[in-house]
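Taken together, the values in this text are just the output of simple stated rules run on the coordinates, not laboratory data. If you're wondering where the values come from, they're calculated on a predicted model, not measured in any experiment. Positions of Cβ are backbone-derived with ideal geometry, glycine not excepted, and every protein chain shown enters the neighbour counts.
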Amino acid sequence: MVTLQFMPYTEIEALSSLGRIRKLLNIAKKNKIVLLQGRLKKDEETELIKATMEEINKEFKGIELAVINPKQEDIGGLNKLKNDFVEMLLGDRSGMTIIGPANVVKSIKKDPNKIELLTKERKKKRKK
Amino acid sequence: MLSVLKKILNLFLSDWFSAKKDIKLGLYGPPNSGKTTLANRICKDWLGEEMGSTSNVPHETREIQIKEQITLKSKDGRKELLFNLVDTPGIATKIDYEDFLKAGMTEKKAKKRAKEATKGVIEAIKWLDEMDTVLVVLDSTKDPYSQVNITIIGNLAARDIPVLIVANKSDLKKANLKKVQAAFPQYPVVGISAKYGRKVKDLYENVFKLIK
């Protein structure tokens, strides 16, 4: 069974960068796939990778990460300015971030318009 | 506050001492994209010696490697560029020692390699701030839309570090330069084969354009 946990941006909004990363990583370490509304800041994404590397052990093999973002290039002029201002004040709530534990998610294939999440098949234990 | 002051100071000082400053040219990318193969190609072409070992098993480079004082010459011989080449471990979001077991390693060696590889990724990320210019080396036979690629390039852009995307392994049938270009339309992309030296001269010319 695969568990998906949706997280609205408001849940991480008030947290520090480190707090956000810890919260997301702790969920992934419980073998749940996180669907986060919006996206982390660029430096938070690299910090997430760093923190993941520090946590890798026999049970936790890392994460699969993908960000789906609506095409920003299509937005022009005043609307882009408005979006940038809102983003600066409230954080980037557009799009979605998917963080899955590597034990569960084999890979995430991303095209500009679609996303495919391939999960790992669990090995069945034989009853003796 | 300190970092802002440092940046302002650097801005003024870099003008006065620009002639003495060593440019750091970094090679970044996911594991097995051919960063060290390219580093070896550059070092062989301009220094006559190789830089590091390569392997088909991912995470062969697990420490930062630096080759200092490489002088690149333009095609017409009129321009020269002196830089330090920094080869970095491949950046990944997951490392499983069992993958190394499948490649034929003993359990002890596989676990050691996995542990070193995780440290290598952390080091590579820490070194991002040190770079002046970066060649992002991608395997052009693979999906360019991976989040690792996007995260690396996004971070370099946020730091105002000039980026050139190197679509490597163009000698392979599955190589798709157009897909790499479509994924990163705002960056210059050069298709090469570091292994066979194909189009590497084009890469050098593009490095000149990047570092003005």
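This table checks each residue for (1) in contact with a Cys (Cβ under 6 Å, 6 or more places away or on another chain); (2) farther than 27 Å from A:Asn31 by Cβ; (3) in contact (Cβ under 8 Å) with a residue 24 or more places away in the chain.
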residue: B:Cys43; (1), (2), (3): no, yes, yes
residue: B:Thr61; (1), (2), (3): no, yes, yes
residue: B:Leu72; (1), (2), (3): no, yes, yes
residue: B:Tyr97; (1), (2), (3): no, no, no
residue: B:Phe100; (1), (2), (3): no, no, yes
residue: B:Glu107; (1), (2), (3): no, no, no
residue: B:Lys126; (1), (2), (3): no, yes, no
residue: B:Thr133; (1), (2), (3): no, yes, yes
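Which condition breaks for B:Ala157 when tested against (1) within 14 Å of chain A (Cβ to nearest Cβ); (2) in a loop (DSSP other than H, G, I, E, B); (3) surrounded by fewer than 17 Cβ atoms within 10 Å (Cβ to Cβ)?
(2)
Can you give me the number of residues within region B:100-125 that are part of a helix (DSSP H, G or I) and more than 9 Å from chain A (Cβ to nearest Cβ)?
To start, the set of residues in region B:100-125 that are part of a helix (DSSP H, G or I) comprises B:100-102, B:107-125.
Then drop every residue that is not more than 9 Å from chain A (Cβ to nearest Cβ), which leaves B:100-102, B:107-110, B:112-113, B:116, B:123-124.
Total satisfying the criteria: 12.
Failed condition for B:Lys108, given (1) in contact with a Pro (Cβ under 7 Å, 6 or more places away or on another chain); (2) over 26 Å from A:Lys110 (Cα atoms), with all others met?
Failed condition: (1).
Filter region B:44-82 down to residues that are under 14 Å from the mean Cα position of the chain (by Cα) and not in a loop (DSSP other than H, G, I, E, B) and give me whichever is farthest from A:Ser107 (Cα to Cα).
Selected residue: B:Lys67.
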